[in-house]
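Everything below concerns the one structure shown next.
All of the numbers you see were taken from the coordinates with simple rules; none came from a lab. It should be emphasised that the depicted structure is a prediction, and the values quoted were computed from it without experimental measurement. We place every Cβ from the backbone using ideal geometry, glycine too, and count neighbours over all the protein chains shown.
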Amino acid sequence: MRSSVRGVIGVCVLDQILYTLHMPAKVLVVEDSRAMREYVTSVLEGTGGMDFDYAESGFHALQLLSHVSPDLIITDINMPEVSGLELLRYVRKSERLKDVPVVVISTDGHPVDRERAKAAGASIMLEKPFDPEVLKRAVSGLLEGPPG
Amino acid sequence: MTSQLTAISEIQDLVEAFSRSLLQIESERSEGGESDPDLVNAAFRAVHTLKGIASMVEVDELVVMSHELENCLDDIRLGKRLLDTASLDLLFAAVELYTASLAHAVDPSRPVPDVSSFLSRLKETGAAQAAPTSTEEEVSLDWLHEDVRSVLTEYEEFRLRENIGNGKGIYSIHVSFDLLDVDGGIERLKTKLKTLGEVLTYLPSADASRDDRIDLDILVGSANEFDLLRETLKGEAASIERLNTGGPSVAHEAAVPAARARESTRPERASAAGGVSHQSAPTAASARAGDASEMTAVSLESEQQSKVAPSPAAAPAPGAAPPPQSIRSVVQTVRVELSRLDALMNLVGELRVIQGDFARTISRAEDTLRTVPEVKMLHHQTRQMARRIDELRDRILDVRMVPVGQMFDTLARVVRKLSREHGKDVRLVVSGEQTELDKLIVEELSDPLMHMIRNAIDHGIESVDRRSAAGKSLTGKITLTARQRGNSVEIRVEDDGAGMDWLALRERAVLKDLVSQEEAEVMTASEALRLIFAPGFSTLDDLSQSSGRGVGMDVVKTNIMRLSGQIDVESEVGRGTTFRLTLPVTLAIIQALVIKGGDQMFCVPLGSVLESLMFDRSEIETIEGFEVISLRSEALPIVYLDRIFGLPPVSKDGQLYVIVVGLAEHRVGLVVDDLLEQKDVVIKPLGPGLDMVPGVAGATEIGAGKTVLLLDLAAIVSDAVRDFGAGDRRRMEVVRT
């Protein structure tokens, strides 16, 4: 069950639960490059059942996350000011967001940053250029979530 | 797949950002200042992002090049490699290489840039350097909470160590922003923090109690006193805490660590959010001295509590914040191809024409149906519609506008490169970067401007020796200024070089058979200066590499004319040369003057009309078979509109209408039958088959189903001037490109 469902279960309206279950998964893409945002979207769009939100910076992501609880976050590491690592730390510490799977996309090199992302709770690490199929599989796997 | 176009255009932006950072780095270096680590990091980030994009769209040479470049910049920003002049030169060379690679990626017929020789140079330069000794390893970060340390990027950690190594104090500043004011708030805070030291990282804290605020812990390295920090941040909802010792206030207690226990101090912080909490550094330091392991949350907490000092100038408390709103589209931009905007503009033009027809029909109806109140209302409503359409047109025009600053950055690079090559010391001073011009014009303008700047460096600015002999400042100066003047933009390119000797120009023109000896003798200084725009004048003995590329000032002039612009030149020997370009703000829509000639209506761009005059036929004089009128004691060649198009002349009495048109540096009087009206018109191309008609540049509708032709003043003027100038009576033969 996706995390967004938990938020409404208290409402106990069956229709609403059913509706929520059929709602497309909300994916937040945090990337300062527009071309990369488009690329990630175009790869995932094909699989269907996803709605995308975009943030152009760590700050922008924070603003969105204060009101939106996405089902999945895809983030770059190297962004000015609030980096992907710092964003990840924020998500993992937030009561509301801590279980949201986070896909961290990095480029080759910078092993220290990658290690830290793993330690900070990245669900999956991908390296640019990544195989679109790998991203698709990773994302659908994470959205289905662990059984139960 | 992501569109190649998006990728390429973003890569282009990144190359520009990269280049901008380099220029800033260089200007900081030349001012002898400490170079700002943020600039190197910005250059690194541009290349890093570029590599990511290039790898996704598989432009291999960009990937390979960016990879090495990224490593090099990474080493520089992490202090493993020096940013010396040779490295900086290489980085600038990379900008050129990027530009060439992009050109090749877009158009494979363009030459393949030589990436490999660049890469080997990059390696050599790196290897030639002695590795800078690093002492950073010794700086311990044990005092920093693991939770924070573990999410610093390698670079952030390096900067942190650097700051400590340099004896800076490390402060944690806790701020809380209203969600709706985050962007503004951060910008404000950044500006303030920049004056204090270096911002090392921004850590969002997840435990904010309210979802309409964003809480951040900002780590700052600063050599300033605690009190100064507090003073500077007065008015922000911020609390400051000193994390390490060292630095100015407690430098004598070097090894005392401080702890960080954000979580347990939460309640106190919330209460302090409206004011500035002040923790006196010396007191804290002495309390902690020699007792690192027991630096616990509790002691911090009590200090915090006791030292809270509400500031009268504090920002509004969180409770006063406006209700949360949706913030979906905080910063969103869309890239649009110009052709799409053109299509919109065309539609608006057509809409305006239909509206005009509509208004005319209504006013005719008003004549007969004067008593029907609805007709009056219709009249009123069409006027409102017209206003809205005009507004729509202005808005679309707005979208096409870009600041000229981007082009100026490119030119700054040219200046840098050429002054190096020529061994001259040249400084480029720009102003008016925010002035906006139509994107299309900016694109077309960059080559002519580049050429003028090349000329200024090649021929204008003297060598250092000569400048010193002339008692001038050793650094030559080129000034690039843009400013808006009504519906046009003026761009000036000024140099403080040797200037041009108009007598020498005149002689040279005679030698090159461009003018006869007799013509030359009666030439004024300004006429002689304009000779540089004559075809064949400037290219012959230009041996220098940069202007030897086959373009002379005549090409510059042609390009400016094509943009319906004007170019003027002033020069004084020993003082320098100034080119003044006047360009329309946009080409998509122009203010036109509707005129009549040979019983036909035409329009001309109002921007090219300098003045309109009434002349008496008897005032026309003939010089060497050319008709001229005397305008403020200068001979103004005149051409007849009806004769140009072989139209039947309209019988006129003694008076003639003459519109004086100026294009580039030329002035010509165009004789017309009548001046009808001024109008904003959308120009449409004539389409295949008709676009070769000489003297016509396009067509436009001016209402009531009337289509009128737009005169190609560039062709008409240059033809008239060529005939006049060459003393040759050729009929007009215009070949339009």
Report task. Could I have the simple spin-label model distance between residue B:340 and residue B:127, label points 7 Å from Cα toward Cβ, reported in nm to one decimal? Result -> 4.9
Query raised in the report: Is there a simple number for the mean count of other chain Cβ atoms within 10 Å of the Cβ of residues in A:89-97, and what is it?
Result: 4
**Report entry** Residues listed by number, the stretch A:110-137, amide nitrogen under 13 Å from residue A:42 label point at 7 Å toward C-beta
**Finding:** A:132
Query raised in the report: So, in nm, how far is label residue B:707 from label residue B:633 when the simple model puts each one 7 Å beyond its Cα toward the Cβ?
Result: 4.9
Query - Anchor residue A:93: aspartates and glutamates whose Cα lies under 12 Å away (excluding residues fewer than 8 positions away in-chain) - result: B:147, B:207, B:263
**Report entry** Summed residue charge, Cβ within 14 Å of residue B:125's Cβ, Lys/Arg positive, Asp/Glu negative
**Finding:** -1
Query raised in the report: Based on the alpha carbon coordinates of the stretch B:561-703, what radius of gyration and maximum Cα-Cα distance (Dmax) apply, in Å?
Result: 16.8, 55
Query raised in the report: Picking from A:111, A:84, A:97, whose Cα lies most toward the positive end of the charge dipole for the stretch A:80-148 (charges on Cβ: Lys, Arg +1; Asp, Glu -1)?
Result: A:97
Query - Residue-span extension gain [residue B:503 to residue B:429] - 0.36 nm each, minus C-alpha spacing - result: 23.6 nm
Report task. May I ask you to list the lysines whose Cα is less than 28 Å away from that of residue B:424, ignoring any residue fewer than eight positions away on the same chain? Result -> B:472, B:477, B:557
Query raised in the report: How many nm is it between the label spots at residue B:485 and residue B:512, if each spot is 7 Å from the Cα in line with the beta carbon?
Result: 2.7
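Under 14 Å from the Cβ of residue B:593, count the other residues' Cβ atoms, weight Lys and Arg +1, Asp and Glu -1, and hand me the total.
Neighbourhood net charge equals -3.
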Query raised in the report: Leaving out same-chain residues fewer than 8 places away, which lysines sit with a Cα under 16 Å from that of residue B:168?
Result: B:194
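Can you tell me the relative contact order of the stretch B:3-45? Whole percent, Cα pairs under 8 Å, sequence separation 6 or more.
Over the stretch B:3-45, the number comes to 39 percent.
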Query raised in the report: Can you list the equivalent-ellipsoid semi-axes of the stretch B:1-136, largest first and in whole Å, using the square root of 5 times each Cα gyration tensor eigenvalue?
Result: 27, 16, 14
Query raised in the report: Between residue B:191 and residue B:149, what is the FRET efficiency for a Förster distance of 30 Å, r being their Cβ-Cβ separation, to the nearest 0.05?
Result: 0.60
Report summary line: For the stretch B:555-640, inverting the pair-averaged 1/r of distinct alpha-carbon atoms gives a Kirkwood value in Å of 16.0
Report task. Starting at the first residue of the stretch A:99-113, write each ³J(HN,Hα) from the Karplus equation 6.51 cos²θ - 1.76 cosθ + 1.60 with θ = phi - 60°, in whole Hz, x for Gly and Pro. Result -> 8, 5, x, 10, 9, 9, 10, 10, 9, 5, x, 6, x, 4, 5
Query raised in the report: If you add up the charges near residue B:465, with Lys and Arg at +1 and Asp and Glu at -1, over every other residue whose beta carbon is less than 14 angstrom from its beta carbon, what do you get?
Result: +2
Report summary line: Amide H contacts under 5 Å for residue A:108, restricted to residues at least 5 apart in sequence or on another chain and with H modeled in the peptide plane, are A:128
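Taking 0.36 nm per intervening residue step and subtracting the Cα-Cα distance, what contour gain separates residue B:364 from residue B:24 on full extension?
So the extension gain works out to 116.0 nm.
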**Report entry** 3J(HN,Hα) from dihedral phi, the stretch B:408-419, Karplus parametrisation 6.51/-1.76/1.60, rounded to Hz, x for glycine, proline
**Finding:** 4, 4, 4, 5, 4, 5, 4, 4, 4, 5, 5, 5
Query - Average partner coverage of A:53-61, which counts Cβ from other chains inside 10 Å - result: 4
Report task. Report the full-extension gain for the segment residue B:650 to residue B:114: residue separation times 0.36 nm, less the Cα-Cα distance, to one decimal in nm. Result -> 186.5 nm
